[in-house]
Number of protein chains: 2
Amino acid sequence: MSKAALNKRWQNGDNGLAIERLPAKESFKSRAYAALKEAITNMNIYGSDEPMLLDERDISERLGASRTPIREAVAMLEQEGLLRAVPRRGILVVRRTKAEIIEMIEAWAALESMAARLATSRASDEAIAELRAFFKEFDLNRIERERCDEYSTANIAFHQALIRLSGSSLLAAMTDNLFFHVRAIRHRTIFEMDRAQRSASDHLEIIQAIEARDADRAERLVRDHTLRLARHVESHVNLD
Amino acid sequence: MSKAALNKRWQNGDNGLAIERLPAKESFKSRAYAALKEAITNMNIYGSDEPMLLDERDISERLGASRTPIREAVAMLEQEGLLRAVPRRGILVVRRTKAEIIEMIEAWAALESMAARLATSRASDEAIAELRAFFKEFDLNRIERERCDEYSTANIAFHQALIRLSGSSLLAAMTDNLFFHVRAIRHRTIFEMDRAQRSASDHLEIIQAIEARDADRAERLVRDHTLRLARHVESHVNLD
DNA sequence: CTTCGAAATTTGGCATACCAAATACCAGCA
DNA sequence: TGCTGGTATTTGGTATGCCAAATTTCGAAG
């Protein structure tokens with residue numbers, strides 16, 4: 001029957017058709033999620049020691065929506081580890097401890113070094129070349145722009161580009177999430193400036209190793225590069 | 001003032017006090033989250049090709065709650081990647097593609113090999129010894145229990161124990177999440193049985209490397225062990 | 001002025017109601 | 001019989017209201 005067939009056609013996900021039920025208009029839930037995440041991103045989380053807490057009703061009237069979709073968005077961000085809803089107290093923005101930040105950098109080292117390994121056997125020469133081109137721009141920025149935020153952003157962008165060479169969207173997604181948290185302490189610390197000099201040569205070596213398709217070396221360079229950052233944070237950054 | 005001081009005390013999160021606002025009664029949201037996750041765990045996701053979809057109203061009356069907390073729980077599980085709410089269609093349980101499963105195993109390899117590295121410099125001899133004791137039990141199970149599910153569970157438990165030796169709760173949390181997805185295909189494939197023979201010796205070697213505090217070797221063994229699983233799935237498992 | 005406690009207020013959790021979109025159903029027509 | 005068009009129903013998204021817990025306020029007692 002045509003009805004059942006049509007139904008079947010909808011139920012089965014991908015049948016070669018590249019459309020996805022046309023975006024429709026984004027739900028309030030998604031919009032609230034994006035808005036809140038954006039707000040948290042631009043928030044100087046570690047700027048003060050006061051607990052930063054949000055108010056559902058305030059947010060809902062600011063976004064012009066009811067509390068329900070806001071609560072769903074909050075539930076998602078809570079699951080993601082950015083917020084934490086404490087009953088009768090408020091929704092507070094989670095501040096990571098120094099130990100947690102270090103764990104994140106270590107996990108980052110694990111994922112990115114694996115990405116480097118995978119990239120050596122999967123990435124095309126062209127893709128790797130793009131990485132080198134990106135590195136040049138990055139290197140120029142290093143000299144010109146002294147502002148810590150911008151350097152940090154460029155630095156993370158380089159690493160993200162490297163990770164995407166692995167072809168694994170999962171590695172990309174997981175590290176993006178980690179970067180979000182690590183980036184949040186950029187206001188508080190200047191650890192990047194300190195590492196700027198040797199970052200440049202580190203990055204160059206990494207690119208060379210990938211170009212040479214040397215999986216072990218690429219993996220090791222990336223791992224050590226990032227673990228060095230972890231040690232640096234451990235000994236020179238003061239949070240809590 | 002005593003009032004302000006008391007207030008301050010509440011606002012500051014951890015002041016060494018190890019209690020957490022006494023559990024109270026768990027919210028419907030958390031209970032719904034746990035119930036749904038449990039249900040999904042015990043669900044044979046890859047048993048059929050039909051799209052598995054849930055109904056909010058059905059779930060809510062089954063759990064004796066309204067739709068609101070259920071929707072919040074669904075939003076969390078959606079963020080976690082287990083569910084996906086499609087407007088006007090239902091909440092469907094996400095079925096991972098083979099490529100996604102392989103990416104998960106690769107990420108797992110990355111995280112666990114890092115855990116092994118960290119364990120070599122952080123875990124106490126006693127903790128490592130416990131790992132060996134665990135391994136023995138595991139080895140016995142290998143012989144006795146032929147059922148694939150049980151073997152898979154024991155296998156994952158071993159790896160979880162290893163990861164916890166790193167002392168990083170983040171690595172533990174991230175891999176737990178990955179295991180959840182990988183475990184879900186246990187009904188469909190018997191890849192563990194296939195690898196059982198050499199898993200035992202692999203695990204023994206890993207333990208020896210950690211005992212010897214050989215970071216590079218421990219890392220490499222764990223990585224290769226898990227990447228071998230990825231290759232195996234790639235060539236012998238059929239999904240989609 | 002400080003302390004104590006009860007009332008008022010705030011706030012988050014939950015339930016319910018409503019709406020619009022999308023599907024399912026069904027009668028009528030070819 | 002098979003197809004079509006329109007109506008009924010289902011369903012997820014959102015708004016609103018209520019409630020209990022927790023906090024704050026404020027006045028009275030010491």
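Values quoted throughout were computed directly from the atomic coordinates according to the rules given, and no laboratory measurement underlies them. Here the structure is a predicted model, which means the values were calculated and not measured. In this analysis, Cβ positions are derived from the backbone assuming ideal geometry, glycine residues included, and neighbour counts consider all displayed protein chains.
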**OP:** Can you pull the one-decimal nm distance between simple spin-label points at residue A:61 and residue B:92, each 7 Å off the Cα toward Cβ?
**Re:** 4.1 nm
Original post:
If we count every other residue with Cβ under 9 angstrom of residue B:170's Cβ, Lys/Arg +1 and Asp/Glu -1, where does the sum land?
Top reply: -3
Original post:
Listed here are the pairs A:29/A:98; A:98/B:37; A:37/B:37; which of them are more than 29 Å apart at the Cα?
Top reply: A:29/A:98; A:98/B:37
Original post:
What full-extension length gain, to one decimal in nm, is calculated for residue A:201 and residue A:235 as 0.36 nm per residue of separation minus the Cα-Cα distance?
Top reply: 10.0 nm
Original post:
Using modelled amide H (1.01 Å from N, peptide plane; none on Pro or chain starts), what sits under 5 Å from the amide H of residue B:52, excluding residues fewer than 5 places away?
Top reply: B:93
Original post:
Taking the Cα-to-Cβ direction at residue B:216 and at residue B:130 and moving 7 Å from each Cα, how far apart do the two end points lie in nm?
Top reply: 3.1 nm
**OP:** Provide an ascending nm list, one decimal, of label-point separations from residue A:129 to the equivalent residue in each further copy; define each label point as 7 Å from Cα along Cα→Cβ.
**Re:** 5.9
Original post:
Gain in length, residue B:224 to residue B:38, computed as 0.36 nm per residue apart minus the alpha-carbon separation, to one decimal in nm?
Top reply: 63.8 nm
**OP:** Could you tally the net charge around residue B:60, taking each other residue with its Cβ under 11 Å from the Cβ of residue B:60, Lys/Arg +1 and Asp/Glu -1?
**Re:** 0
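What percent do you get for the relative contact order of region A:24-93 when only Cα pairs under 8 Å and 6+ apart count?
Dividing the mean separation by the residue count of region A:24-93 yields 39 percent.
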